[in-house]
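Encoded as structure tokens, the structure appears first; notes follow it.
The values are calculated or read from the model by the stated rules, or taken from the named source; none is laboratory data. Worth saying up front: this structure is predicted, and the values here are computed from it rather than measured. For neighbour counting, all protein chains shown are included, and Cβ atoms are generated from backbone atoms with ideal geometry for every residue, glycine included.
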Amino acid sequence: MVKIKLNGFVWELKNVRHIPDLTKNLISVGQLASEGYTTIFHGDDWKISKGAMTIARGKKSGTLYKTAGACHLIAVAANENPNLWHQRLGHMIYAEVEDILESPILRTPQPEESNEANNEQSEPPTPTPVLKRSFRPHVPNKRYIDYMHRGLCFFIPSFIHLFSHPAMEKANAAVGSGSATNGEVSPPPRKVALITGITGQDGSYLTEFLLNKGYEVHGLIRRSSNFNTQRIDHIYVDPHNAHKAHMKLHYADLSDASSLRRWLDTILPDEVYNLAAQSHVAVSFEIPDYTADVVATGALRLLEAVRSHIAASGRSHIRYYQAGSSEMFGSTPPPQSETTPFHPRSPYAASKCAAHWYTVNYREAYGLYACNGILFNHESPRRGENFVTRKITRAVGRIKVGLQNKLFLGNLQASRDWGFAGDYVEAMWLMLQQEKPDDYVVATEESHTVEEFLEVAFGYVGLNWRDHVVIDKRYFRPSEVDNLKGDASKAKKVLGWKPRVGFEQLVKMMVDQDIEMAKKEKVLVDAGYIDAQQQP
Ligand SMILES: C[C@H]1O[C@H](OP(=O)(O)OP(=O)(O)OC[C@H]2O[C@@H](n3cnc4c(=O)[nH]c(N)nc43)[C@H](O)[C@@H]2O)[C@@H](O)[C@@H](O)C1=O
């Protein structure tokens, strides 16, 4: 990777190639185009932009287009063994490179050329001229090469391919899948993900998923007087064990814009997943202001932090995922798809609608790669205990072992499209791997009432829910969402995603776990270590 500092911006170029003997740093217009940049040549002037942002501009110099205002060119190690490729850099596509080998830029630099990037730390020219300079050494978890190329970067509009040229073959081996010096192949660089809401159900499954894919995962957590990291404790590795600790936690808050920007600047993520929320619909009627601040304005703060981070750093490849919700459809009848109008029925749902449209707006206004995942209810043994599914399965376990007898519930006729959270995080990731950002419904396309959930959960362990459930008006909502059933055909078609766990399997998985949990709880209660808790 190469970072070019241009008039206060830092522009990042990925997949640069080591090209021995090349004395100018070249940037491929073709490659820029495939990365979503627009390059305009007008007379002797040129300009590169992305969305509404002008990244770089300059003038023609002889046969080359030259950058204006570039003061630093920094090579950042893409792997642990950068020895080979830092010597000479070009932002090359393999196509159209042959001409360059024939051209006058493949010669030893003249003194006046090699001084073009001069600054106070320059050293006398050498056959492979480099300037020694460290780049943002305060940033942790990143390895930077402290060599800066003396040559300025030049742009040429077209290259021809050089796949079979020995110099390029060597270069190809040194990048892409890591360095190949001495015949050793080091692993490719880890992608970096930043997750808000990492301690929640979805955050924990997504973290496991991304770690399995080789990501380095950073999670933002809120300060709390109680530890709330139980869902990720099993994957936490002490950061002192640097080689194994690929998940890192940082204090931040969606209500604190400065903390968001600071962690983006420090972590330098490739993907940002905004999963944090006050996610309880009924509670949002009690604390509407707080819910809107975190769910709606929190998303806006994070989007703005990403946008300004990109503007300052040039890291325009960042991809953003916004956790949307089927609650946004509210009273609009099923099946609900990406084109179904929203009719939110709670402060939570209205806030999610705002976050949805903020995300769309940042995509359209700034060209941000931002996706909305409109996820229908998704559950698991890690679901919070005051959501109806887990409240039921916890009660089944406790009733079964004799710790509880009654279960107080609200509206049993509400119908939901319930899937398994572990399946749904894959869809989040898939959205960020597409060529273009878009919005997707993620659902099982099956809907069941709360009563049907009760039938399966109690029936599975030989109990009759009617012997235990008591209707309590306190659990009814001021305005209810009666029927949600998603149409996930777009996600299936475009993302190739489909749910693996069906309704009955999900209920049984949750009951199995809650029976085990209740058995352990019973041991502690019987031994007098804890009191039998009240139901959630
Ligand atoms: C997609 C969406 O999914 C979730 O929102 P939710 O659908 O409201 O989930 P829930 O489990 O709280 O309620 C489901 C239904 O169950 C009814 N219900 C009856 N009796 C009780 C009861 O005693 N407790 C609760 N919680 N619900 C009850 C309740 O009235 C409602 O109709 C969140 O993850 C949200 O963040 C999200 O985005």
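Kindly establish whether THR196 is at pLDDT below 95 and either under 30 Å from THR297 (Cα atoms) or of a type in the set (S, T, N, Q) (or both).
When the stated conditions are applied, THR196 does not pass them.
Do we find that ALA491 is within 20 Å of TRP418 (Cβ to Cβ), within 15 Å of the ligand (Cβ to nearest atom) and surrounded by 15 or more Cβ atoms within 10 Å (Cβ to Cβ) in this structure?
Taking the combined requirement at face value, the residue does not satisfy it.
For region 366-389, what are the residues that are assigned to a helix (DSSP H, G or I) and either of a type in the set (A, V, I, L, M, F, W, C) or within 12 Å of the ligand (Cβ to nearest atom) (or both)?
VAL388, THR389
So which residues in region 315-331 are of a type outside the set (A, V, I, L, M, F, W, C), assigned to a strand (DSSP E or B) and within 12 Å of the ligand (Cβ to nearest atom)?
Residues satisfying the conditions are GLY324, SER325.
In contact (Cβ under 8 Å) with a residue 40 or more places away in the chain, in contact with a Leu (Cβ under 6 Å, 6 or more places away or on another chain), in a loop (DSSP other than H, G, I, E, B) and within 30 Å of PRO437 (Cβ to Cβ) - does that describe any residue in region 517-536?
Checked region 517-536: no residue is in contact (Cβ under 8 Å) with a residue 40 or more places away in the chain, in contact with a Leu (Cβ under 6 Å, 6 or more places away or on another chain), in a loop (DSSP other than H, G, I, E, B) and within 30 Å of PRO437 (Cβ to Cβ).
Report the residue count in region 460-513 for those that are within 21 Å of LEU409 (Cα to Cα) and hydrophobic (A, V, I, L, M, F, W, C).
The number of residues fulfilling the criteria is 14.
Does region 256-273 include one or more residues that are under 13 Å from the mean Cα position of the chain (by Cα), in a helix (DSSP H, G or I) and either at pLDDT below 95 or closer than 19 Å to CYS371 by Cβ (or both)?
Within region 256-273, one or more residues are under 13 Å from the mean Cα position of the chain (by Cα), in a helix (DSSP H, G or I) and either at pLDDT below 95 or closer than 19 Å to CYS371 by Cβ (or both).
Listed here are the residues, each with its yes/no results for (1) closer than 22 Å to LYS14 by Cβ; (2) modelled with pLDDT of 65 or more.
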| residue | (1), (2) |
| --- | --- |
| ALA167 | yes, no |
| SER177 | yes, no |
| VAL192 | yes, yes |
| GLY214 | yes, yes |
| HIS218 | yes, yes |
| ARG222 | no, yes |
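Would you confirm, using the coordinates I've provided, whether VAL441 is within 22 Å of GLY384 (Cβ to Cβ) and either polar (S, T, N, Q) or buried (at least 23 other Cβ atoms within 10 Å of the Cβ) (or both)?
In short, no.
Can you report the number of residues in region 396-414 which are within 10 Å of the ligand (Cβ to nearest atom) and either among the aliphatic types (A, V, I, L, M) or crowded, with 21+ Cβ neighbours inside 10 Å (or both)?
So the count comes out to 4.
Only one of these conditions is not met by ASP514: (1) buried (at least 17 other Cβ atoms within 10 Å of the Cβ); (2) within 30 Å of SER337 (Cα to Cα). Which number is it?
Checking ASP514 against (1) buried (at least 17 other Cβ atoms within 10 Å of the Cβ); (2) within 30 Å of SER337 (Cα to Cα), the one that fails is (2).
Buried (at least 18 other Cβ atoms within 10 Å of the Cβ) and among the β-branched types (Val, Ile, Thr): which single residue out of VAL295, VAL283 fits that description?
Unique residue meeting the criteria: VAL295.
Which condition does GLU271 not pass, out of (1) away from the ligand (no atom under 15 Å from the Cβ); (2) within 19 Å of TYR215 (Cβ to Cβ); (3) surrounded by 24 or more Cβ atoms within 10 Å (Cβ to Cβ), if it passes all the others?
(3)
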